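Below you'll find the structure, written out as structure tokens, and then a few comments.
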Amino acid sequence: MSFAPLRLQSNQYQTIIDHCLDGFPCEACGLLVGSVDKHYEPTGEIDSVHPCRNADESTRTYTVDSRDLLQVTRQADENNLQIVSVWHSHTHTEAYPSETDVRQALDPSWIYVLVSLRNPQPEVRAYRIKTGQITEIDVIVSPE
Amino acid sequence: MAVEVKIPTVMRASADGQASVDGNGLTVREIFSDLVNRYPGLKANLLDQEGNLHKFVNVYRDDDDIRYLEGLDTSVSEGAVVSILPAVAGG
């Protein structure tokens, strides 16, 4: 099965990077809201980017603060959209899902975005995780 | 007494695809009991084997996390919105 690529506008992309850098040395996290198709699969088009608090305040794990999750869920509902993706940073490792990420992957229809900060230039990659199977998808960044 | 229960996308398949359903009960516990009677597939998502709230699920009564109220015994008034929010986490 082929998955739609993740399409971000450059300002959305930058918001993700900035939030990850601001959160350093802790992992940072956030949510992406977008549309889904008739099969409830993300179209890959992102309507809005929502930096969230990491309730764990940890360098190794993240949990999206449930108050932020509630707020983003409400906003998505009001706009007839859905949360389609979560992003988080890996501060010292590659932009690839960890065992914990795979084990705790909540929703097989979500796009899981990893931002590695181990090099001076942050690296952003995106994946789908279904029944433990990791599939990388393209990230396409377009001008605003 | 009717309240609105918001179902997260990952649990909607267990609730006939609905984003929200009517809930009946005076507490979250009663509402969930009614809910899992109608949608048995939700039970494993909401409650552990002892009948406690699953540790990876957050439940809000309007703007308040029920863990900081009375847990499953938190009272719910007519017109309230109960939101079920699975933990979004990783490492």
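Peptides A:75-88, B:3-16, A:36-49 ranked from most to least packed by the mean count of surrounding Cβ atoms within 10 Å: A:75-88, B:3-16, A:36-49.
Stretched out fully, how many nm does the piece from A:E94 to A:I134 gain, at 0.36 nm a residue minus the Cα gap?
On the way: separation 40, 0.36 × 40 = 14.40 nm, distance 1.45 nm.
Going from the current span to full extension adds 12.9 nm.
Averaging the Cα positions of each part gives two centres, and for the stretch A:31-100 and the stretch B:12-91 these lie 21 Å apart. Counting Cβ atoms of other protein chains within 10 Å of each residue's Cβ and taking the mean over peptide A:66-72 gives 5.
Largest GNM mean-square fluctuation across B:L42, B:L69, B:L26, computed for chain B with C-alpha springs under 10 Å, falls on B:L69. Farthest toward the positive end of the dipole of the protein assembly as shown, out of A:V124, A:I134, A:A28, is the Cα of A:I134, where the dipole comes from beta carbon charges about the Cα centre. Against the empirical 2.2 N^0.38 Å (N residues), the protein assembly as shown has a Cα radius of gyration ratio of 1.03. Normalising the average separation of contacting C-alpha pairs (under 8 angstrom, six or more residues apart) by the number of residues puts the relative contact order of chain B at 36 percent. Within the shell of other residues whose beta carbon sits under 13 angstrom from the beta carbon of B:G91, the net charge comes to -2, with Lys and Arg scored +1 and Asp and Glu -1. Around the amide H of B:V57, modelled in the peptide plane, lie the amide H atoms of B:A87, all under 5 Å away and 5 or more residues distant in sequence or on another chain.
So if we plug the beta-carbon distance of A:K38 and A:D18 into 1/(1 + (r/R0)^6) with R0 = 35 Å, what FRET efficiency do we get, rounded to 0.05? Intermediate results must be reported in sequence, preceding the final value.
Numbers: r = 34 Å, r/R0 = 0.98.
Efficiency for this residue pair is about 0.50.
A short reminder: the numbers here are calculations on the coordinates, not readings from a lab. Keep in mind that this is a model prediction, so the values were computed, not measured. Quick reminder, even Gly has a Cβ in these numbers, built from the backbone with ideal geometry, and neighbours come from all protein chains shown.
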